[in-house]
Amino acid sequence: YAKQQGFGIVKAGGAYKQEKGKTLNERRNCTWKCESGGKPDARIRASSRLLNGVSGKGVKMANRKTKKVGCPVMLHAKVTKDGKWQIRNVVLQHQNHEPVPSISKYISMFHREDLNVVRRRLFQHHDEGVSIPQIHSALAAERNGVENFPVSERQLRNVVDKEKRLKMMEGDANAMAAYFHRMSTDNQNFFHLHRLDDDERLKDVMWVDARSRAAYIEFGDVVCFDSTYLTNRYLLPFANFVGVNHHGQSVLLGCALISHEDAETFEWVFTNWISCMGGKAPSGILTDQDAAMKKAIAKVMPNTRHRWCLWHILNKLPLKLGLYQEREWWIPPYMKDMFWAGMRSTQRVESMNSFFDKYLKKQTRLYEFVQQYCKAMERRAEDEKQADANSARFCHQLVSDFPIERVFQKIYTSAKFVEVQQECMKKLYVSIVGCKVVDENVLEYTIEDRVWVRDPNTRKDVPTRRKREYEVKYNSNIYEAWCVCKLMESSGIICRHIIAVFEKNDVE
């Protein structure tokens, strides 16, 4: 009735049943009144008297509001012996205010039922990184507009804030530790570690989930490491390890929140990360030009090839030409003898950071970091499953008449086969100009190819008039070939020069 008429109600008294001196959770009677009944609170009246008056700045007005205007509307009922409610007294005539049915949706007590309905979806969307205004708009759209949705943005925000306060009762770090413990209980492959400073405060923390540990076994040859992302409200940079999978997608291989970007901290992170991965260090690691990282990697991963981000160096090149003295750390020709999964810069980490922007903010609390991280990892895992399904269901059409392209179509994933097809197309500009016998089964071919440059407008490689020679060795006994360009060794993509030799020898 109150909701239909447009006024709120409050419980103004009542009694519970007694049995053998104990109070039972069962009412004997109850009285409900209009929320505008009674007099204003004494503090509100005092505040009004203190603020009302005239001063040099003008008229001061009371800044506290009240709904109490002495309205007599009430309903009193009691419970009969057979357990039914019986109305004993009721007053329905309002005084000093006029209820308006259309304002019912603004009365908080009538929102509780609606909030309970949308509560689960609210937290589901919020955990996915959707903002409160966007959530409110989506929920309102399902009710045919904001005017038909009684819950306001502020109320949704209050529900979320209340949930955060409940989780933070034992402190940020304790809440995060409790979440780690629950994750470890559910999955023993979830790895986490933290350490405290001299004042017993959280200093550094790192974690690696089960998916990342499994992915490292397959895709842990080369990783990027970066600690420049999202210095949060605790001034703890969010560092992460990123690899690349067989679809060319970025895969997260571990995370850390670190207190200092010094060699000792990086040593702690690298040492425990490698320990988590079964003691196997990556073959190669890409970072920016951080001296502390360089020192830590040399100490913890002495057999790992360290490479600097080419993009950052080229940006600094006009100002710091003396980078050239350390060219073996970044110039591609010095790196092509080793597999780098096609990575030449830490921009893959930056793309992962961009992905995390949907889930993490500077205001994100410690315990939320891990929860949001897990949400993000679920999304990345789903992306990989989708790519696997697409590779199984679809295939790219052949672009050449080379029989060997059909072989590559079967062994490469869909995303990587596109890169192979580009080499197949470039093979049209390749010609074999010489051949000599090295031994009984090995031939050495001299390949002439155009020089390819990147078109800044189309961002595609285009051939020039200049030509260059390459040497390819081919073993007819085991059907293997090695090219001096080393595209296969560095990126896993077979080069056009080897394709030409295979075609020459009818290798299928």
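Close contacts from the stretch 495-508, counting a first residue that is at pLDDT below 85 and a second that is among the aromatic types (Phe, Trp, Tyr) and part of a loop (DSSP other than H, G, I, E, B), with Cβ to Cβ under 6 Å and a gap of 6+ residues or different chains, come to 503/402; 507/479. Among the residues of the stretch 412-431, those identified as among the β-branched types (Val, Ile, Thr) and closer than 21 Å to residue 504 by Cα are 420, 430. Checking the stated criteria, residue 420 turns out not to satisfy the condition of being open to solvent by 40 Å² or more (accessible area, probe 1.4 Å), among the β-branched types (Val, Ile, Thr) and part of a helix (DSSP H, G or I). Considering only residues in the stretch 400-417 that are in a helix (DSSP H, G or I) and open to solvent by 40 Å² or more (accessible area, probe 1.4 Å), the one that is farthest from residue 383 (Cα to Cα) turns out to be 403.
Within the stretch 453-484, restricting attention to residues that are of a type in the set (A, V, I, L, M, F, W, C) and open to solvent by 30 Å² or more (accessible area, probe 1.4 Å), the residue that is farthest from residue 221 (Cα to Cα) is 462.
Kindly check whether there is at least one residue in the stretch 246-254 that is modelled with pLDDT of 85 or more, crowded, with 17+ Cβ neighbours inside 10 Å, under 20 Å from the mean Cα position of the chain (by Cα) and closer than 21 Å to residue 191 by Cβ. Yes, some residue in the stretch 246-254 is modelled with pLDDT of 85 or more, crowded, with 17+ Cβ neighbours inside 10 Å, under 20 Å from the mean Cα position of the chain (by Cα) and closer than 21 Å to residue 191 by Cβ. Scanning the stretch 433-450 for residues that are assigned to a helix (DSSP H, G or I), of a type in the set (Lys, Arg) and open to solvent by less than 90 Å² (accessible area, probe 1.4 Å) turns up nothing.
Determine, yes or no, whether residue 48 is modelled with pLDDT under 80, touching a Pro at 6+ places or on another chain (Cβ under 9 Å) and of a type outside the set (Lys, Arg). So residue 48 fits the description; yes.
In the set (1) modelled with pLDDT under 70; (2) under 15 Å from residue 36 (Cα atoms), the condition left unmet by residue 113 is number (2). Restricting to the stretch 122-146, and then to whatever is open to solvent by 80 Å² or more (accessible area, probe 1.4 Å) and over 25 Å from residue 4 (Cα atoms), can you tell me which residue is modelled with the lowest pLDDT? The residue in question is 124. Among the residues of the stretch 175-215, those that are without any contact (Cβ under 8 Å) to a residue 60 or more places away in the chain, open to solvent by 50 Å² or more (accessible area, probe 1.4 Å) and part of a helix (DSSP H, G or I) comprise 181, 182, 185, 186, 214.
Annotation: residue 59 fulfils all but one of (1) at pLDDT 55 or above; (2) surrounded by fewer than 12 Cβ atoms within 10 Å (Cβ to Cβ); (3) among the β-branched types (Val, Ile, Thr); the unmet one is (1).
The values are calculated or read from the model by the stated rules, or taken from the named source; none is laboratory data. On a predicted model such as this, the values are computed, not experimentally measured, just so you know. Because the Cβ atoms are built from the backbone with ideal geometry, glycine has one as well, and the counts that use them run over all protein chains shown. To get the accessible areas, we keep the full protein, side chains included, count just its heavy atoms, and leave off ligands, DNA and RNA. Shrake-Rupley method; radii C 1.70, N 1.55, O 1.52, S 1.80 Å.
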